[in-house]
Amino acid sequence: MAGPSPALNNTADNLDALPVTVLKGVGPRVAERLLRLHIQTVQDVLFHLPARYEDRTRLTPMGAVRPGQQVVVEGEVELAEVRFGRRRSLLVRISDGTGSLTLRFFHFNAGQQAGLARGAGIRCYGEVRGTAAAPEMIHPEYTLISTDAPPPVEETLTPVYPATEGVHQLTLRNLTTQALAYLGEQADERTDGLIDWLPAELIAAQRLTSLPAALHYVHRPPPNAPLEQLAAGRHPSQQRLAFEELLAHHLSLRRVRQRARQLSAPAFSGELPLLDDFISGLAFSLTGAQQRVVNEIRQDVALRHPMARLVQGDVGSGKTVVAAAAALMAVQAGYQVALMAPTELLAEQHFRSFGEWLEPLRIPVVWHAGKSMGKARSQALQAISEGTGAVAVGTHALFQDEVEFQRLGLVIIDEQHRFGVHQRLALRDKGRTGGQRPHQLVMTATPIPRTLAMTVYADLDTSVIDELPPGRQPVKTVAIGQERREEVIESVRKACATGQQAYWVCTLIEESDVLQCQAAEKTAELLATSLPELRIGLVHGRLAAAQKETLMSAFKAGTLDLLVATTVIEVGVDVPNASLMIIENPERLGLAQLHQLRGRVGRGSRQSSCVLLYQPPLSEQARERLAVLRESNDGFEIARRDMELRGPGEVLGTRQTGEMQFHIADLLRDEALLAAVESAAGQLMELAPGHVSPLIRRWLGEAVNYGEV
Ligand code: ADP
Ligand code: MG
């Protein structure tokens, strides 16, 4: 990197160390409120970026306004009167010689009413409603002006900032004006106090706008700024900042990975007779992709540092066997394994599969979940703490305080999109034995494209099982309206008559568990009446673990024909003989979730079908979602479309965990930047490691210091 590093010269003049209280109008009370917006320093003010813009730089003649427009108009009050209708309101007619406009206020005080008297000059900004012939504004922002000498209109587009109670737009605009002044008049390369942490070569290679210029532009875009481009976040100034923000996020995760290399973990190397026996004992042979991933894991765990590997694989690609293979590597070396699944139902199923696979090899598998009770519970806890329980399967209850592993060597997390980085790190630390951390293997069935994965999961090494077991046929998917429910019931009858099995999934928009279960109960009753010859089971979230287990085993063993269920069966459930799936009200679910559900069938060699039994009329978006599902069986493609429709945060689960919340970047829109972000991160870590922390702090704040333990 050229020149001495400004990072080493961290004086109080640097805006990242200058408290926001140096700005006029920021006393202790305002400072406290600003904290809610994560604003503590002048730099934080500069990086509190507008969420959108309004154009108040020109006046629109009232004769030219159209409903839907946001405009500034200026004129005189012609008439003001209070109407006593269903709601009391103040109506003010204003005109400017080209036309007139009605303002409507439902909340107003005597002072406002007095000010808006006939003949008063007024300028207002708001959205035009009503009709072109009779335009209106409801509660516009307005100021009373002198029509002889009106104040100048705004010179720049008006930024609208994310605000919080007690900190209004005007305050934020005032603060950003002051903060921008610290950046200096001219937006040149190096300004007082705001350090550009990106290497000059990188800025040149990426043709990035200079940082101060970009900040000036996004906070105060000139009147001729391209509004549409700005609204889409695609202006070069915004892209410059988005690049830096993505880089900061990426670096924060890369640092987690870098720190992992400084931690120690048990190395599992050498011969693996248990693994060989296991693989040769399977009823099938591993696919090439499974073999490759098993080898990748094998190389990781042979090192003396904790593995952090993500296995992505479409639903049905066979991730569970790969997990079992990894478990055997730890067991062979005399270490314990914890396998954790997000739901009890899925955990139980893993418990069953692992039992079937490992017990012939004389490897004890124990069960522990939140609902375990009494003797079973204490025995499991004892086996785990004494080390006789080689493999413990369960829910997150496995990581509660009362659970003590004797020698934990590997943690496997299934369906990881529900766990965040924080939780993964906490697990790793919780599982330490002496100075050693366990290896970690996480498995996800919401596969995402490589570039995105490199960013979102930059703390993990990724493997992809990009091949389905042989003989699988894509699930045939049709969408059918509720009015044809009888036909669908007939198709279930026919399928089951030929020895096939079916799922009937009831969904409800209500979050309430109780309502979900009631709906499923009712559906099960109705189906039992229509299909008296079938053996029907019902599973939902409120059944006791043992009941669920019994039902699932019965379904798996083929003693039930039809399983009515809530979305508890969404993840992981594996009954290869089931070949028909009915999903009620699919329009209420996200695409990735529907793909997961559908993935419960198509696991055997038989042609399977999925019926999306929707409630008409469908919204445009719902129609589009169902079409994607009918047209594609590819989890990568479906995840991408889901992210386009619902946003990456929803699909990746980062919204719930609070991760990857961006000020300005957008993972999908800015996907083209990601490859450059990745290589920039490598450069920066190597050439200017001192720049990494301040860059992360600038964008993610103090709160997010992953792995700073
Ligand atoms: P997922 O990746 O969705 O978790 P599973 O691990 O549940 O998939 O595997 C789906 C089904 O495919 C299971 O019945 C499993 O036994 C079977 N399976 C896994 N690998 C193979 C293979 N190589 N050949 C044939 N069947 C396989
Ligand atoms: Mg699975």
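The values are calculated or read from the model by the stated rules, or taken from the named source; none is laboratory data. These figures come from a predicted structure and were not determined experimentally. Cβ atoms come from the backbone with ideal geometry, glycine included; neighbour counts cover every protein chain shown.
A few points about this structure:
- Long-range neighbours under 7 Å by Cβ, at least six apart or interchain, first residue free of Cβ contacts under 8 Å to residues at least 60 places away in the same chain within region 206-232, second among the basic types (Lys, Arg) and crowded, with 19+ Cβ neighbours inside 10 Å: Leu208/Arg240; Thr209/Arg240; Ala214/Arg240
- Helices (runs of 4 or more DSSP H) within region 603-671 that include 1 or more residues more than 10 Å from the chain's Cα centre (by Cα) and more than 30 Å from Leu215 (Cα to Cα): 620-631, 635-646
- Qualifying residue in region 335-344 (condition: in contact with a Ser or Thr (Cβ under 7 Å, 6 or more places away or on another chain), crowded, with 18+ Cβ neighbours inside 10 Å and of a type in the set (Asp, Glu)): yes
- Assessment of region 569-583 against the conditions (assigned to a helix (DSSP H, G or I) and away from ligand 1 (no atom under 16 Å from the Cβ)) yields no matching residue.
- In region 84-157, counting only strands (runs of 3 or more DSSP E) that sit wholly within it, none holds 2 or more residues that are among the aromatic types (Phe, Trp, Tyr) and loosely packed, with under 13 Cβ neighbours inside 10 Å.
- Test: residue in region 530-547 that is within 16 Å of ligand 2 (Cβ to nearest atom), of a type outside the set (A, V, I, L, M, F, W, C), assigned to a helix (DSSP H, G or I) and more than 21 Å from Glu487 (Cα to Cα): no
- Just one residue in the set Phe284, Phe278 is in contact with a Phe, Trp or Tyr (Cβ under 7 Å, 6 or more places away or on another chain), within 16 Å of ligand 1 (Cβ to nearest atom), aromatic (Phe, Trp, Tyr) and in contact (Cβ under 8 Å) with a residue 40 or more places away in the chain; that residue is Phe278.
- Complete set of residues in region 349-390 that are in a loop (DSSP other than H, G, I, E, B) and among the small types (Gly, Ala, Ser): Ala369, Gly370, Ser372, Gly387, Gly389, Ala390
- Any chance Val488 is surrounded by fewer than 21 Cβ atoms within 10 Å (Cβ to Cβ), within 16 Å of ligand 2 (Cβ to nearest atom) and among the aliphatic types (A, V, I, L, M): no
- Checking Gly572 against (1) at pLDDT below 90; (2) farther than 30 Å from Leu303 by Cβ; (3) touching a Leu at 6+ places or on another chain (Cβ under 9 Å), the condition it does not meet: (2)
- Taking the conditions (1) of a type outside the set (A, V, I, L, M, F, W, C); (2) more than 16 Å from ligand 1 (Cβ to nearest atom); (3) in contact (Cβ under 8 Å) with a residue 12 or more places away in the chain in turn, Asp466 satisfies each one other than (2).
- Ser252 vs. criteria buried (at least 24 other Cβ atoms within 10 Å of the Cβ) and away from ligand 1 (no atom under 16 Å from the Cβ): yes
- Checked against the criterion of being in contact with a strand residue (DSSP E or B) (Cβ under 8 Å, 6 or more places away or on another chain), of a type in the set (Asp, Glu) and either closer than 30 Å to Glu659 by Cα or exposed (fewer than 14 other Cβ atoms within 10 Å of the Cβ) (or both), region 498-514 contains not a single residue that satisfies it.
- When each of Leu286, Leu263, Leu275, Leu247 is tested for being aliphatic (A, V, I, L, M) and farther than 26 Å from Gly334 by Cα, the lone residue that passes is Leu247.
- Residue among Arg298, Arg377 that alone is under 24 Å from Ala265 (Cβ atoms), surrounded by fewer than 20 Cβ atoms within 10 Å (Cβ to Cβ) and out of contact with any Asp or Glu (no Cβ under 7 Å at 6 or more places or on another chain): Arg298
One line per residue, one yes/no per condition, for (1) more than 16 Å from ligand 1 (Cβ to nearest atom); (2) under 25 Å from the mean Cα position of the chain (by Cα):
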{"position": "Ser378", "(1), (2)": "yes, no"}
{"position": "Ala383", "(1), (2)": "yes, no"}
{"position": "Glu415", "(1), (2)": "no, yes"}
{"position": "Thr455", "(1), (2)": "yes, yes"}
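- For region 566-620, the set of residues classified as polar (S, T, N, Q) and closer than 22 Å to Gly541 by Cα consists of Thr566, Thr567, Asn585, Gln593, Gln596, listed by residue number.
- Being of a type in the set (S, T, N, Q) and in contact with a helix residue (DSSP H, G or I) (Cβ under 7 Å, 6 or more places away or on another chain) holds for only one residue in Ser280, Ser269, Ser285, Ser252, and it is Ser252.
- Checking region 578-595 against the condition returns no match, with no residue being surrounded by fewer than 22 Cβ atoms within 10 Å (Cβ to Cβ), β-branched (Val, Ile, Thr) and away from ligand 2 (no atom under 16 Å from the Cβ).
- Cβ-Cβ distances below 7 Å connect the following pairs, each with a first residue in region 356-375 that is touching a residue at least 60 places away in the same chain (Cβ under 8 Å), a second residue that is small (Gly, Ala, Ser) and in a loop (DSSP other than H, G, I, E, B), and a separation of six or more residues or different chains: Ile363/Ala390.
- Test set (1) out of contact with any helix residue (DSSP H, G or I) (no Cβ under 7 Å at 6 or more places or on another chain); (2) in contact (Cβ under 8 Å) with a residue 60 or more places away in the chain; (3) closer than 20 Å to Ala260 by Cβ; (4) of a type in the set (S, T, N, Q) - Thr433 fails condition number: (2)
- Close pairs (8 angstrom Cβ cut-off, 6 or more residues apart or separate chains): more than 21 Å from Arg588 (Cα to Cα) in region 475-500, basic (Lys, Arg) anywhere: Gln500/Arg606
- Of the residues Val403, Val393, the single one that is away from ligand 2 (no atom under 16 Å from the Cβ), closer than 19 Å to Ala347 by Cα and not in a helix (DSSP H, G or I) is Val403.
- Taking region 535-547 as the range and being in contact (Cβ under 8 Å) with a residue 60 or more places away in the chain and either within 14 Å of ligand 1 (Cβ to nearest atom) or buried (at least 21 other Cβ atoms within 10 Å of the Cβ) (or both) as the test, only Val539 passes.
- Here the condition is being more than 16 Å from ligand 1 (Cβ to nearest atom), modelled with pLDDT of 85 or more and over 16 Å from the mean Cα position of the chain (by Cα); of Arg437, Arg450, it holds for Arg437 alone.
- Number of the condition not met by Leu339 [criteria: (1) closer than 23 Å to Val568 by Cβ; (2) touching a helix residue (DSSP H, G or I) at 6+ places or on another chain (Cβ under 9 Å); (3) part of a helix (DSSP H, G or I); (4) of a type outside the set (D, E, K, R)]: (3)
- Looking across region 263-294, the residues that are within 30 Å of the chain's Cα centre (by Cα) and surrounded by fewer than 18 Cβ atoms within 10 Å (Cβ to Cβ) come down to Leu263, Arg292.
- Test result for Arg257, within 16 Å of ligand 1 (Cβ to nearest atom) and among the basic types (Lys, Arg): no
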